Amino acid sequence: KKKCIIAPSILSLDFSRTSEQLKEVNESKAEWLHFDVMDGHFVPNLTFGPDILKGVKKAVDKVMDVHIMVSDPKTYADIFIDAGADVLTFHVEALENMEGVVKLCKHIRERGVKAGVSLRPKTSVETLLPYLEYMDVVLVMSVEPGFGGQSFMEDQLEKVRVLRKEIDERDLDVRLEIDGGINDKTAVLAVEAGCDTLVAGSYVFKNDIGKAVDSLLCLK
Ligand code: DX5
Ligand code: ZN
């Protein structure tokens, strides 16, 4: 069985029970905690700023997996790195070209943080392939970014297969993460297609947190 990294997404946390739920996440077998940043412009929703990240990082001893869904990733990458991001993932669509994407990946790495690049469902994966060595994480969106609780887009698994083949053939050290609609059923499909890192929001926080994480851990 292959062990996955599970990244519960605090977008789905019950904020009336924040400390209680963060404690449960902390005690779970999740290695990462996924932190969704939305700017009300790149996506039609608003979430958390850097001070919230600082607070969460104090409360939880996990790798802070920060996913910035913002139109200006060059500015916000540094702001969230300063606030404690361990992995900083931005969207390829927010930059003009791959030169810009590579430049920002290099910058994130120079700051000692893992660089991730994310793709919206409609964005093709091919343009990314020649530049994978600049990335530590590729995050495939399996829902339209903006909201938790949407259903899994199975057609995104084709991208995962292409990336898995490329990563393996070139023996690259890139984590292949999926985000959106992950539960105990869709996680099996994602892992079979080649994902090794699973984001799960509503599935984890609407169930017993520890047990939900356990159910996603070893699927293959
Ligand atoms: C959506 C976010 C996801 C979200 C996933 O834009 O990027 O991280 O939390 O939520 P679920 O797992 O409920 O689809
Ligand atoms: Zn996310």
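The values are calculated or read from the model by the stated rules, or taken from the named source; none is laboratory data. Worth saying up front: this structure is predicted, and the values here are computed from it rather than measured. Backbone-built Cβ (ideal geometry, glycine too); neighbour counts: all protein chains shown.
Note on segment 123-210: enclosed helices (runs of 4 or more DSSP H) holding 2 or more residues that are among the hydroxyl-bearing types (Ser, Thr, Tyr) and at pLDDT 95 or above are 202-205.
Given the criteria out of contact with any Lys or Arg (no Cβ under 7 Å at 6 or more places or on another chain) and either within 13 Å of ligand 2 (Cβ to nearest atom) or farther than 26 Å from VAL174 by Cα (or both), does LEU13 qualify? Please lay out each step first, then the result.
On the way: out of contact with any Lys or Arg (no Cβ under 7 Å at 6 or more places or on another chain): yes; either within 13 Å of ligand 2 (Cβ to nearest atom) or farther than 26 Å from VAL174 by Cα (or both): yes.
When the stated conditions are applied, LEU13 passes them.
Could you please find all residues in segment 1-26 being touching a residue at least 12 places away in the same chain (Cβ under 8 Å), away from ligand 1 (no atom under 15 Å from the Cβ) and not in a loop (DSSP other than H, G, I, E, B)? Outline the logic, then answer.
Of all residues in segment 1-26, those touching a residue at least 12 places away in the same chain (Cβ under 8 Å) come to 1-14, 19, 21-26.
Applying the additional criterion that residues be away from ligand 1 (no atom under 15 Å from the Cβ) yields 1-3, 19, 22-24, 26.
Listed by number, the residues that qualify are LYS3, SER19, LEU22, LYS23, GLU24, ASN26.
The condition of being in contact with a Cys (Cβ under 9 Å, 6 or more places away or on another chain) and surrounded by fewer than 16 Cβ atoms within 10 Å (Cβ to Cβ) holds for only one of LYS106, LYS58, LYS54, LYS3, that being LYS3. Listed conditions (1) away from ligand 2 (no atom under 16 Å from the Cβ); (2) surrounded by 21 or more Cβ atoms within 10 Å (Cβ to Cβ) are all met by TYR131, apart from (2). The numbered conditions (1) within 16 Å of ligand 1 (Cβ to nearest atom); (2) free of Cβ contacts under 8 Å to residues at least 24 places away in the same chain are all true for ASP171 except (1). All of (1) within 16 Å of ligand 1 (Cβ to nearest atom); (2) surrounded by fewer than 16 Cβ atoms within 10 Å (Cβ to Cβ) hold for ILE68 with one exception: (2). Which residues, taken from segment 43-95, are within 14 Å of ligand 2 (Cβ to nearest atom) and of a type in the set (D, E, K, R)? Scanning segment 43-95 gives a single hit, ASP65. Before we move on, is LYS29 of a type outside the set (Gly, Ala, Ser), more than 16 Å from ligand 1 (Cβ to nearest atom) and not in a helix (DSSP H, G or I)? Yes, satisfied.
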